[in-house]
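Enquirer: First the structure, which I've put down as structure tokens, then a few questions once you've had a look.
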Amino acid sequence: MSSSQRPPLGSTQLVLLATLVGLISGVGAFAFYFLLDLCTDFFLSGLDGYKPPSAGGEFDVVSLGFQASVLPLYLVPALGGLLSGLIVYTFAPEAEGHGTDAVIRAFHRMRGIIRARVPLVKMVASSITIGSGGSAGREGPIIQIGAGFGSALASLLNLSDRDRRILLVCGMAGGIGSIFRSPFGGAIFGIEVLYKRDYEVEAIVPAFISSITAFIIFEFIIGHIAKTSFGMLPIFSIPNFTLRSPVEMFLCVPLGLFCGAVGMLYIKTFYTVHDAFKKLNISPYLKPILGGLITGIIGFYVPQVLGMGYGYVQEAIHGKLPIYIIVAAIFGKILATSFTIGSGGSGGVFAPSIVIGSMVGAFFGYVSNSIIPITQPESYVLVGMAAFVAGVAKTPIAAVLMAIEMSGGYNLLPSLLLASTVAYCITGDKTIYCEQVKTKVESPAHRGEFSVDILQNIRVGEAMTPAEAVVTVSPNTTVLEILSIIEKTGHIGFPVIDGGKLAGIITFEDVEKVPIEERSKAKVSDVMSRRLIVTYPDESLEEALMKLASYDIGRLPVVSREDETKLLGLITRSAIIRAHARAARAARETY
């Protein structure tokens, strides 16, 4: 039995498998975290001596103690691009880029199938790209890692396509929920990121189970290594932020508009660079090197763009960045991310979106404070973070939840919701994830659920050729004359009428059975089929088509239910196809 024909799993089985996917995703998230920390320590700190700042809730899990300082900073991302490109294009080309689109495409168009080698290749290549200073994030890799685990498990158990897709979503949710320390937001992100205006509601309970399980596993390992409860802290440490006055709350509307505008610039820049690299007539192995070199040059002057940049978000939260650095970081990060990932480097676009959005919020808050005194201008860093992600990723609910869980800023919930809604609306259908579809209706994964069975709604009487237009023959017609009629009309079957009543049907196949020398004397009555398969004008075209398929015939006489010798018309396969096409076109025009 093929996977597409397998019955769906029961709820208990699905819960158990979602838990297993969460467990694997949590372990995979820590392995990725460890490898990324190792690569950062080797490439940036070791080869150049540059040590990027850390966010308040993160710490190093490995320290090599290596510091050769043998490469200038602008060459380190190029070296990372070289190694990443060699790994990706040698072992799994689908692991290039930010990864999230590859998973979304697998869900919608590839039955949820992801090659088993992809998670490992993505983990190694992304760790090198980001660890060497490439402007990318952990979201795309961890999504592809978690989703790859879920897909591989489903394939191993030969589950249905529906269940494979659900476990793929579970893997996404588990990866995001663990590595971003956002179990609630991770689950919502998993069901939300697939669409611009919809949700994969069927997967919500398994996604929550997987995300929470992965979060617990990841935090247990981190906490055990730290030998404290440090691992349970959110990624960003913040003061007790609260937007206290109506004016401060109202400012979230223009901030949402601002985030939406910068978000559209980000999307436009990213895909302009991406398309330019696609058209560039050089080996794909060389493209990440060029992208890394340009990123390195940008980072040499604006180091805030290198790597994920969470440490600089933390500095913005504490008001430690001057305004000119913030402006440079916004546009530098947009360009650096576009060149790092658009050239084929391996990494996510979510973390850069967090950094860009945070800097947009910081700029807005600091400038607004110079015009209207604001109690806590730094609080707009978190508002900008959520609004920007909501606008560019089309994940408004997940963006708000993740911003809260990553910072602990629950007091800002109304402000985050307001700004995120505005940014989400202002960006329209523009998205950083080009494989997203608008709703389930447009998803090939759900095509069978939403396609109306058109043939059930059309009666045979509406599509048949009426009796007066049907070419009929007499039982006394010779077989040779039938061949002449076939040649003139192009039809290959004819009802036989005797005394005004339907007596049988004759086809080209019946004629062929008659020896050539006998065709001038043989009569239709000698070779026609008398046991007729008929249909009725009130039957559906689906019923008629089933009869045609079951008996492997090309036409059915349409007769009266009261008198089956009364010919009312003829229905053929081609007539059914034409009726289906007309109805489908009318349905699309109505929709």
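None of the figures in this text is laboratory data; all of them are computed from the coordinates on show. All values reported here derive from a predicted model rather than from experimental measurement. All Cβ positions, even for glycine, are placed from backbone atoms using ideal geometry, and neighbour counts span all protein chains on display.
Enquirer: Please give the FRET efficiency for Arg582 paired with Asp275, using the beta carbon to beta carbon distance and R0 = 41 Å, rounded to the nearest 0.05.
Expert: On the way: r = 39 Å, r/R0 = 0.95.
E between Arg582 and Asp275, to the nearest 0.05, is 0.60.
Enquirer: Now a separate question. Place the peptides 268-277, 28-37, 362-371 in order of packing, highest mean first, counting for every residue the other Cβ atoms within 10 Å and averaging per peptide.
Expert: By packing density, highest mean first, the sequence is 28-37, 362-371, 268-277.
Enquirer: Shifting gears a bit: Arrange the following residues from fewest to most other Cβ atoms within 10 Å of their Cβ: His224, His318.
Expert: His224, His318
Enquirer: Taking the Cβ of Val262 as the center, what net charge do the other residues with Cβ under 11 Å away carry, scoring Lys and Arg +1 and Asp and Glu -1? List each step's numbers first, then the result.
Expert: Details: positive: Lys268, Lys333; negative: none.
Value of the local net charge: +2.
Enquirer: Moving on. To the nearest 500 deg cm²/dmol, what mean residue ellipticity at 222 nm is calculated for the chain from DSSP H runs of n ≥ 4 alone, each contributing -39,500 (n - 2.57), summed and divided by the residues?
Expert: For the chain, the value works out to -18500 deg cm²/dmol.
Enquirer: Further question: Taking the number of other C-beta atoms within 10 Å as the exposure measure, put Met406, Met308, Met546, Met359 in order starting with the fewest. Kindly include the intermediate steps, with their values, before the conclusion.
Expert: Values: Met406 24, Met308 27, Met546 13, Met359 30.
Ranking Met406, Met308, Met546, Met359 by Cβ neighbours within 10 Å, fewest first, gives Met546, Met406, Met308, Met359.
Enquirer: With a 10 Å Cβ neighbour count serving as the proxy for reagent exposure, in which order, fewest first, do Ile238, Ile341, Ile553 appear?
Expert: Sorted ascending by nearby Cβ count, the order is Ile553, Ile238, Ile341.
Enquirer: Of Lys320/Lys394; Lys51/Lys333; Lys279/Lys438, which sit over 20 Å apart, Cα to Cα?
Expert: Working: Lys320/Lys394 30 Å; Lys51/Lys333 18 Å; Lys279/Lys438 27 Å.
Correct reply: Lys320/Lys394; Lys279/Lys438.
Enquirer: Want the number for Val471 to Ile216: 0.36 nm per residue separation, take away the alpha-carbon distance, what's left? Before the final figure, lay out the partial values.
Expert: Details: separation 255, 0.36 × 255 = 91.80 nm, distance 7.52 nm.
Fully extending the segment from Val471 to Ile216 adds 84.3 nm.
Enquirer: Taking amide H positions as placed 1.01 Å from N in the peptide plane, with prolines and chain starts having none, which residues 5 or more places from Leu568, or on another chain, fall under 5 Å of its amide H?
Expert: Val558, Val559, Ser560
Enquirer: Now, a different point. Report relative contact order for the stretch 246-441 in percent, whole number only (criteria: Cα-Cα under 8 Å, sequence separation at least 6). Walk me through the intermediate numbers first.
Expert: Working: 309 pairs, mean separation 56.4, N = 196.
It comes to 29 percent, rounded to a whole number.
Enquirer: A further question follows. For Lys521, give me every one of the lysines with a C-alpha distance below 28 angstrom, ignoring sequence neighbours fewer than eight places off in its own chain.
Expert: Lys488, Lys501, Lys513
Enquirer: What FRET efficiency comes out for the pair Thr439/Asp538, r = Cβ-Cβ distance, R0 = 41 Å, nearest 0.05? Kindly include the intermediate steps, with their values, before the conclusion.
Expert: Working: r = 36 Å, r/R0 = 0.87.
In this case the efficiency is close to 0.70.
Enquirer: Using only Cα atoms, find the angle between the long axis of helix 139-156 and the longest principal axis of the chain, and express it within 0 to 90 degrees, rounded to the nearest 10.
Expert: Orientation of helix 139-156: about 40 degrees from the principal axis.
Enquirer: Looking at the stretch 454-590, what % of the alpha carbon pairs are farther apart than 23 Å? Provide the component values of the computation, followed by the final result.
Expert: Details: 3313 of 9316 pairs.
In whole percent, the share of Cα-Cα pairs in the stretch 454-590 beyond 23 Å is 36.
Enquirer: Here is a further query. Once amide H atoms are built 1.01 Å from N in the peptide plane, which residues 5 or more positions from Leu243, or in another chain, come under 5 Å H to H?
Expert: none
Enquirer: With Cβ to Cβ distances under 13 Å as the rule, what net charge do the other residues near Gly342 carry (K, R +1; D, E -1)?
Expert: Details: positive: Lys268, Lys278, Lys279, Lys287; negative: Glu96, Asp101, Asp275.
Spelling it out: positives minus negatives among the neighbours equals +1.
Enquirer: Among Pro119, Gly10, Val88, which residue has its Cα positioned farthest towards the positive end of the charge dipole of the stretch 3-238, with +1 placed on the Cβ of Lys and Arg, -1 on the Cβ of Asp and Glu, and the dipole taken about the Cα centre?
Expert: Gly10
Enquirer: List the residues, sorted by chain then number, that are 5 or more residues from Gly137 or on another chain and whose placed amide H is less than 5 Å from its amide H.
Expert: Those lying under 5 Å, H to H, from Gly137 are Gly348, Val349, Phe350, Ala351.
Enquirer: Something else: With a cut-off of at most 14 other beta carbons within 10 Å, and DSSP calling the residue loop, which chymotrypsin sites (Phe, Trp or Tyr not before Pro) in the stretch 65-139 qualify? Please list them.
Expert: Phe66
Enquirer: Still on this structure, I have one more. Which of the aspartates and glutamates could be linked to Lys430 by a straight reach, that is with a Cα gap under 19 Å, when you skip same-chain ones fewer than 8 residues away?
Expert: Asp101, Glu192, Asp198, Asp275, Glu442
Enquirer: Could you compute how fast the stretch 3-238 diffuses translationally, taking Rh as the Kirkwood radius over C-alpha pairs and applying Stokes-Einstein at 20 °C with viscosity 1.002 mPa s? Give it in µm² per second.
Expert: The calculation lands on 119 µm²/s.
Enquirer: So I have [x] 0.97; [y] 1.20; [z] 1.04, and one of them is Rg/Rh (Cα atoms, Kirkwood Rh) calculated from this model. Which one is it?
Expert: Of the labelled values, this structure produces [y].
Enquirer: Could you give the longest part of the chain that holds none of the GluC sites (Glu not before Pro) found in DSSP loops with at most 15 neighbouring Cβ atoms within 10 Å?
Expert: Between the exposed loop sites, the longest stretch runs 1-561.
Enquirer: Once label points are set 7 Å from the Cα along Cα→Cβ at both Leu64 and Glu518, what is their separation, rounded to one decimal in nm?
Expert: 9.0 nm
Enquirer: Moving on. I need the phi-derived Karplus couplings for the stretch 395-410: 6.51 cos²θ - 1.76 cosθ + 1.60, θ = phi - 60°, integer Hz, Gly and Pro marked x.
Expert: Values per residue, Gly and Pro as x: 10, x, 6, 4, 4, 5, 4, 5, 4, 5, 5, 6, 10, x, x, 5 Hz.
Enquirer: In degrees, nearest 10, range 0 to 90: what is the angle between the Cα axis of helix 380-393 and the longest Cα principal axis of the chain?
Expert: Around 20 degrees separate the two axes.
Enquirer: Something else: Per-residue HN-Hα couplings for the stretch 482-497, Karplus 6.51 cos²θ - 1.76 cosθ + 1.60 at θ = phi - 60°, whole Hz, x for Gly and Pro?
Expert: 4, 4, 5, 5, 4, 5, 6, 8, x, 7, 10, x, 9, x, 9, 10
Enquirer: A follow-up question, please. Dipole magnitude of the stretch 246-441 about its Cα centre, charges +1 at Lys/Arg Cβ and -1 at Asp/Glu Cβ only, in debye to the nearest 20?
Expert: I would put it at about 560 debye.
Enquirer: Below 8 Å between Cα atoms, with a sequence gap of 6+, how large is the relative contact order for the chain in percent?
Expert: Values: 1268 pairs, mean separation 92.8, N = 591.
Relative contact order of the chain: 16 percent.
Enquirer: With +1 assigned to the C-beta of every Lys and Arg and -1 to the C-beta of every Asp and Glu, and no other charges, what is the dipole magnitude of the stretch 454-590 about the Cα centre in debye, to the nearest 20?
Expert: On the way: 18 positive and 20 negative charges, 53 e Å.
With Lys and Arg at +1 and Asp and Glu at -1, about 260 debye.
Enquirer: In whole Hz, what ³J(HN,Hα) sequence does the stretch 62-68 give by Karplus (6.51, -1.76, 1.60; θ = phi - 60°), x for Gly and Pro?
Expert: 8, 9, 7, x, 9, 8, 8
Enquirer: How many angstrom lie between the Cα centre of the stretch 469-493 and the Cα centre of the stretch 412-426?
Expert: Between the Cα centre of the stretch 469-493 and that of the stretch 412-426, the gap is 73 Å.
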